[in-house]
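Notes follow once the structure below has been shown.
The values are calculated or read from the model by the stated rules, or taken from the named source; none is laboratory data. These numbers come from a predicted model, not from an experiment. Counting neighbours? That spans all protein chains shown, and the Cβs are built from the backbone with ideal geometry, glycine included.
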Amino acid sequence: MAGTPLSRGFPWHLSNYRTMAAPTAERPVSMEEIAALAKRRGFIFQSSEIYGGIGGFWDYGPLGAVMKRNVKNAWWHDTVELRDDVVGFDSSIIMHPATWEASGHVAAFHDSMVDCRVCKHRFRYDHLKDTSRCPDCGSANSFTEPRNFNLMLKTSVGPMEDTSSLAYLRPETAQGIFVNFKNIYQTARKRPPFGVAQIGKAFRNEITPGNFTFRVREFEQAELEYFVPDDGHDMEAFHEWVERRKAWYANYGIKPERLRFYELKPEERPHYAKAGVDVEYLFPWGWGELESIAHRGTYDLEAHMRASGKDLRFFDEATKRRETPLLIESSAGIDRTMLTFLVDAYEREMSTDPNGKETERTVLRLHPKIAPVQAAVFSLARNKPELVGRAQAIERALRPHFRAQYDEGNIGQLYRRQDEIGTPFCITVDYETLENGSVTVRERDTMRQERIAENHLLQYLEERT
Ligand code: ATP
């Protein structure tokens, strides 16, 4: 394992490697550990770190940017590319401010906040378990009266900064789809049932950002708005999307015991919603929402028809009338989903090297489609040009097909690094490669190694990723 150089006469590695039954699997991982790894390996950095950072904003590093793209691709592939009844969309972040009046965000998109008069800390009122005593400084009865705080971030558009130039950074992507509903169904030649999917940035001036990238002020959402006719099959469509989303999380390996689909009770739903399910993950601090799936009825389109005076209905061939479709929405956060993949994949385990020495390794057991690097290629020695050249040639040949990376150095350290970033396969070129064209492939989860003919590598990796 890590620290042990590969050598010729390969099989002894295999027989000596032993992974102990994940002794740390039950030990809860802390968010600090995840954040430290994310920083150390280049997944996620604090935004504007050299100026002390800015609360609620994060940057995705070289590996994080790739991983986040993989998460989005996985969602897009399942939600749009595999379906002939869903089309893609990409609307602007800043919309006409009337949008947010009509949607209800100007009047009601707020959280209630309180301040502790003693320590001056600010809290979201609905997040307080006990409102009689400050959780930070312990003072009793020190809170101010709760007051509403609108979460939309404001900006101004154009050269004048007055009320006529006021605009908002969208707090969700969905409204861009609703106001375009007619443009979309006419140009895509669709009639309900059909869906519109969009991934994009959203902004919320959260009162208390925190838990790493879980609650942030700038994030990405992946939203599906699925429009159905009011023909009695709407709840079927709702359940189908819930099942589809369940399958998505399962396909990408999220541990089922840490995921739950919580069915909202009528009193927990907005008055217009007919059904709602929150997808929640068991984070180190408890359950947190990743996605909400809701049956929103005709609420959104009707609100925009009322405010704009424009007809957004479609002509229903069955009823021979213009109808407002019902809406099933699935709204997921990309940043929270990526954080979930990191937390869920993170493990520390003991393993024994060939000398009988026990060492701990950190491993991210990421799904190969989500892992930023899929195959790392090493040269056993960095000072042997024939090995280096061969390894680099293999990496170049893999690159069009997989996310491949060449590296060199101490093999044990290379394994340790690739384990930490979740690379499912490491390929090592050694002297035997020069003799018979075989390479060692080491699998991340089992640490098992096998010799593969170089010209079978592509097929080998294709079958396993
Ligand atoms: P919360 O109750 O956690 O504030 P919400 O119920 O307001 O979330 P929705 O409006 O349903 O969230 O947004 C849909 C999804 O967008 C959420 O499930 C989440 O994944 C993501 N999201 C919402 N707010 C944030 C945020 N501040 N940071 C990161 N992701 C967010």
- Item | Where A307 falls short, out of the listed (1) over 20 Å from H239 (Cα atoms); (2) in a loop (DSSP other than H, G, I, E, B) | (2)
- Identify, by number, the condition in (1) away from the ligand (no atom under 15 Å from the Cβ); (2) among the charged types (D, E, K, R); (3) in a loop (DSSP other than H, G, I, E, B) that E206 doesn't meet. (1)
- Message: Residue under question is F219, and the condition is that it be near the ligand (Cβ under 10 Å from one of its atoms) and in a strand (DSSP E or B); does it hold?
- Response: yes
- Message: Checking the condition outside any strand (DSSP E or B), in contact (Cβ under 8 Å) with a residue 24 or more places away in the chain and either among the aliphatic types (A, V, I, L, M) or in contact with a Ser or Thr (Cβ under 8 Å, 6 or more places away or on another chain) (or both), which residue from T446, T428 passes?
- Response: T446
- Restricting attention to the stretch 222-240, report how many residues are more than 16 Å from the ligand (Cβ to nearest atom) and either under 22 Å from the mean Cα position of the chain (by Cα) or part of a strand (DSSP E or B) (or both). 3
- Message: Can you tell me how many residues within the stretch 382-408 are in contact with a helix residue (DSSP H, G or I) (Cβ under 9 Å, 6 or more places away or on another chain), under 25 Å from R40 (Cα atoms) and of a type outside the set (F, W, Y)?
- Response: 6
- Is it true that T362 is within 24 Å of the chain's Cα centre (by Cα), touching a residue at least 24 places away in the same chain (Cβ under 8 Å) and more than 16 Å from the ligand (Cβ to nearest atom)? yes
- Residues satisfying the stated conditions in the stretch 241-293, i.e. within 15 Å of the ligand (Cβ to nearest atom), in a helix (DSSP H, G or I) and exposed (fewer than 15 other Cβ atoms within 10 Å of the Cβ): E268
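Which is more than 16 Å from the ligand (Cβ to nearest atom), farther than 24 Å from Q221 by Cβ, of a type in the set (K, R) and touching a helix residue (DSSP H, G or I) at 6+ places or on another chain (Cβ under 9 Å), of K320, K310? Steps first, please.
Numbers: K320 fails: touching a helix residue (DSSP H, G or I) at 6+ places or on another chain (Cβ under 9 Å).
Just a single option satisfies the conditions, and that option is K310.
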- Is it the case that the stretch 181-200 has a residue that's within 30 Å of P284 (Cβ to Cβ) and either among the aromatic types (F, W, Y) or touching a strand residue (DSSP E or B) at 6+ places or on another chain (Cβ under 8 Å) (or both)? yes
- Any residue in the stretch 66-77 that's touching a residue at least 24 places away in the same chain (Cβ under 8 Å): show its pairings with residues that are buried (at least 19 other Cβ atoms within 10 Å of the Cβ) and in a helix (DSSP H, G or I) at Cβ separation under 7 Å, as long as the two are six or more apart or on different chains. M67/M338; K68/I334; K68/M338; V71/I334; V71/T337; V71/M338; V71/F341; K72/I334
- Note on the structure: Picking from E329, E360, E289, E317, the residue that is among the acidic types (D, E) and under 21 Å from M67 (Cα atoms) would be E289
- Single residue of N183, N141, N211, N148 found to be within 30 Å of R244 (Cβ to Cβ), surrounded by fewer than 17 Cβ atoms within 10 Å (Cβ to Cβ) and not aromatic (F, W, Y): N183
- Just wondering, is there one or more residues in the stretch 375-392 that are over 25 Å from A74 (Cβ atoms), modelled with pLDDT of 95 or more, over 26 Å from the mean Cα position of the chain (by Cα) and in a strand (DSSP E or B)? yes
